[in-house]
Amino acid sequence: MRKIMWFTLLTALIPHSLLSQNQGQTIEDPFYYQVAGLVYVKIFDPVLRSKTPTVKIPKEPLKFKIVGKEIEPSDNSVFYVIKFLPIKDETGAISALKGSSNYVNSSDNHVFFWINENELNRYVENGFIVKSYKAPNARLTYGANLSLPFKLRPKLSDHNIKITPDLTLGGYIGIKYRLSHTEPYYLSFPLVTLGLATLSITDENNPASPNKGDGTVLGITASWGGVFQFDDFQFGLMMGWDRAAGEIGSAWIYNDIPWYSFSIGYSFIGRASDKSSE
């Protein structure tokens with residue numbers, strides 16, 4: 001008997017969803033660009049609104065933000081006007097470059113620079129420039145979800161622990177915390193869901209309506225919990241409640257009884273629709 005119970009508990013730790021489709025939205029964190037390799041920028045004159053050919057090299061790990069987007073009239077190319085975050089003299093590597101015309105340093109704190117759009121994209125693709133997000137930082141996340149969670153239902157009177165897969169269609173909303181400045185690592189907590197679920201009704205779990213055979217009814221399902229996300233891989237723990245609909249569903253023994261689900265898998269709450277902001 002103990003072996004059966006342990007097997008049941010271990011089975012509950014299988015993926016929360018075999019089927020999961022999402023349409024989600026997250027208001028993404030503000031970010032800066034951070035120099036991570038050999039990069040060249042040129043000075044921009046904000047008074048004349050003109051580019052200069054003077055080239056400077058920003059050292060790692062200086063950060064900058066885009067403050068303007070301009071069009072070059074001669075060829076309609078796009079370039080960005082950028083400004084570095086204030087550079088302090090305390091850092092020896094940066095301080096040693098002060099006064100050098102070749103490097104961006106503390107004497108350039110009030111200087112604007114420019115970089116071609118294609119060059120910026122190449123630097124990002126090659127990892128010479130990376131996005132540096134504010135962390136920790138809390139943002140709103142919400143969306144819709146179609147999933148097949150495996151729910152661990154507790155022992156009730158003469159009924160042993162059960163694991164039931166119920167197709168669920170609903171929405172979720174929560175707070176998403178960024179955990180890394182450069183990597184897409186998040187914690188969504190609290191995460192609240194609400195929707196419709198297909199619930200299995202049998203003579204065993206609905207003794208008030210015997211001899212009506214096994215069947216499936218719609219019900220309302222709600223849950224809350226937390227989910228960690230590392231790139232597209234996610235895991236977390238959810239706790240929820242179900243209520244079956246209709247006359248048969250009213251006698252279902254699991255109505256309003258808490259269930260638990262350990263989620264582990266790929267993109268349960270989605271991030272493909274995340275918006276970026278500069």
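The values are calculated or read from the model by the stated rules, or taken from the named source; none is laboratory data. Since the model is a prediction, treat every value here as computed from it, not as a measurement. Glycine gets a Cβ as well: all are built from the backbone with ideal geometry, and neighbour counts include every protein chain shown. Just so you know, the surface numbers come from the protein's heavy atoms only, side chains and all, with ligands and any DNA or RNA stripped out. Shrake-Rupley method; radii C 1.70, N 1.55, O 1.52, S 1.80 Å.
Which ones in the range 177-197 are of a type in the set (V, I, T) and in a strand (DSSP E or B)?
V192, T193
Each row is one residue, and each column tells you yes or no for (1) part of a strand (DSSP E or B); (2) closer than 30 Å to M239 by Cβ; (3) not charged (D, E, K, R).
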site	(1), (2), (3)
L48	no, no, yes
F79	yes, no, yes
S132	yes, no, yes
Y142	yes, yes, yes
L146	yes, yes, yes
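Return the residues of the range 238-249 that are more than 15 Å from G195 (Cβ to Cβ) and open to solvent by 10 Å² or more (accessible area, probe 1.4 Å); say none if nothing qualifies.
Result: M239, G246, E247, I248.
In the list L140, L152, which residue meets the criterion of being open to solvent by 20 Å² or more (accessible area, probe 1.4 Å), within 16 Å of S263 (Cβ to Cβ) and in contact (Cβ under 8 Å) with a residue 60 or more places away in the chain? Don't jump to the end; show me each part of the working.
Details: L140 fails: within 16 Å of S263 (Cβ to Cβ).
Answer to the selection: L152.
Here's the yes/no breakdown for (1) open to solvent by 40 Å² or more (accessible area, probe 1.4 Å); (2) farther than 24 Å from H181 by Cα; (3) among the small types (G, A, S); (4) free of Cβ contacts under 8 Å to residues at least 24 places away in the same chain:
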| site | (1), (2), (3), (4) |
| --- | --- |
| P53 | yes, yes, no, yes |
| P61 | yes, no, no, no |
| V67 | yes, no, no, no |
| E70 | yes, yes, no, no |
| P73 | yes, yes, no, yes |
| K83 | yes, no, no, no |
| I87 | no, no, no, no |
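Each row is one residue, and each column tells you yes or no for (1) of a type in the set (D, E, K, R); (2) more than 23 Å from the chain's Cα centre (by Cα).
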position: I87; (1), (2): no, yes
position: N109; (1), (2): no, yes
position: F112; (1), (2): no, yes
position: I115; (1), (2): no, yes
position: P154; (1), (2): no, yes
position: L169; (1), (2): no, no
position: T182; (1), (2): no, no
position: P190; (1), (2): no, no
position: D203; (1), (2): yes, yes
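Hey, does the range 168-176 have a residue that's open to solvent by 30 Å² or more (accessible area, probe 1.4 Å), under 30 Å from D203 (Cα atoms) and assigned to a strand (DSSP E or B)?
yes
Looking at the range 101-115, which of the residues that are out of contact with any helix residue (DSSP H, G or I) (no Cβ under 9 Å at 6 or more places or on another chain) and more than 11 Å from F84 (Cβ to Cβ) is least open to solvent (accessible area, probe 1.4 Å)?
Restricting to residues being out of contact with any helix residue (DSSP H, G or I) (no Cβ under 9 Å at 6 or more places or on another chain) and more than 11 Å from F84 (Cβ to Cβ), the top hit is W114.
Please verify whether F235 is among the aromatic types (F, W, Y), open to solvent by less than 70 Å² (accessible area, probe 1.4 Å), assigned to a strand (DSSP E or B) and out of contact with any Pro (no Cβ under 6 Å at 6 or more places or on another chain), treating the condition exactly as stated. Walk me through it before giving the result.
Values: among the aromatic types (F, W, Y): yes; open to solvent by less than 70 Å² (accessible area, probe 1.4 Å): yes; assigned to a strand (DSSP E or B): yes; out of contact with any Pro (no Cβ under 6 Å at 6 or more places or on another chain): yes.
When the stated conditions are applied, F235 passes them.
Among (1) touching a helix residue (DSSP H, G or I) at 6+ places or on another chain (Cβ under 9 Å); (2) of a type outside the set (S, T, Y); (3) not in a strand (DSSP E or B), there is one condition D203 misses while meeting the rest; what is its number?
Just one mismatch for D203, condition (1).
Report the residue count in the range 231-250 for those that are at pLDDT below 90 and either farther than 20 Å from L169 by Cα or among the acidic types (D, E) (or both).
The qualifying residues number 6.
When the range 128-137 is examined, which residues are found to be touching a residue at least 60 places away in the same chain (Cβ under 8 Å) and open to solvent by 30 Å² or more (accessible area, probe 1.4 Å)?
F128, V130, K131, K134
Considering only the range 115-138, state which residues are modelled with pLDDT of 95 or more and among the hydroxyl-bearing types (S, T, Y).
Passing the criteria: only Y123.
Checking S157 against (1) out of contact with any strand residue (DSSP E or B) (no Cβ under 8 Å at 6 or more places or on another chain); (2) within 30 Å of L38 (Cα to Cα): exactly one of these is not met. Which one?
For S157, the failing item is (2).
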